[in-house]
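Chemist: Quick one: this structure, given as structure tokens, is what I'll be asking you about.
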Amino acid sequence: NEKNPQPKPPESLRPLPLGDRFWWTVAILSAACLGGTWLLWCQRRAAATAVAAPILPPFEELTAELDRLGAEPSMIALHTRLSLALRRYLGRRLPFPAVESTTSEVQRQLLSRRMPGPLVRQTVELLRACDLVKFARQEVAEARARERSEAALRIAREFESQLAPREPEALEKAG
């Protein structure tokens, strides 16, 4: 009932207690950060000590992969790896993304680079045969699969002879 009441002065700040939950959370998160840091350090150390395999030229890489395919028992895996090896060879030898391309796109790329028609046809037929086994699960005898591996090597040799630099004398004679 005062005529001019005055507000009370503010109380001083009271510190709130930090509970046990806070300290447990800090401890667990700190341990997780330290564990993550340790794993990153181990990973980088292992990567630094790992010896990188030398990158083979495209033809040698293809022949090495075809040699490894000789022990493949699964026809689906063999055809998948055969197709991938041939596409990788083509993509490295004629710079275009052959691994990511469809067989029709590979055919267009080869024709646009003026490769001989029979060579392009053989390559596309082999890739389509591999596609039939990979995607349509076509049954293939082991002997036929080995023939396809040999055909891939033969095709790569033809590409190598087509893409080999020409001798200047032969160019001069040709006019």
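The values are calculated or read from the model by the stated rules, or taken from the named source; none is laboratory data. Please read all numbers here as calculations on a predicted model, not as lab measurements. Glycine gets a Cβ as well: all are built from the backbone with ideal geometry, and neighbour counts include every protein chain shown. Keep in mind that these areas ignore ligands, DNA and RNA; they rest on the heavy atoms of the full protein, side chains included. Shrake-Rupley method; radii C 1.70, N 1.55, O 1.52, S 1.80 Å.
Chemist: What do you reckon, is residue 113 of a type outside the set (Asp, Glu), surrounded by 10 or more Cβ atoms within 10 Å (Cβ to Cβ) and at pLDDT 90 or above?
Modeler: No; evaluated as a whole, the condition is false for this residue.
Chemist: Looking at 156, 143, 129, which is the one that is open to solvent by less than 70 Å² (accessible area, probe 1.4 Å), without any contact (Cβ under 8 Å) to a residue 12 or more places away in the chain, of a type outside the set (Ser, Thr, Tyr) and part of a helix (DSSP H, G or I)?
Modeler: Unique residue meeting the criteria: 143.
Chemist: Same structure, new question: Scan the range 62-72 and give yes if some residue there is closer than 21 Å to residue 138 by Cα, modelled with pLDDT of 90 or more and in a loop (DSSP other than H, G, I, E, B), otherwise no.
Modeler: no
Chemist: Additional query: So which of 95, 165 ends up being under 18 Å from residue 62 (Cβ atoms), out of contact with any Lys or Arg (no Cβ under 9 Å at 6 or more places or on another chain) and not in a helix (DSSP H, G or I)?
Modeler: 95
Chemist: Also, quick follow-up: Which of the residues spanning the range 42-98 are closer than 23 Å to residue 132 by Cα and open to solvent by 70 Å² or more (accessible area, probe 1.4 Å)?
Modeler: Result: 67, 68, 71, 73, 81, 84, 88, 97.
Chemist: May I ask you to list pairs of residues, at least six apart or on different chains, whose Cβ atoms are under 8 Å apart, with the first in the range 24-41 being open to solvent by 80 Å² or more (accessible area, probe 1.4 Å) and the second being assigned to a helix (DSSP H, G or I) and of a type in the set (Lys, Arg)?
Modeler: Taking only residues 6 or more apart or on different chains, not a single pair turns up.
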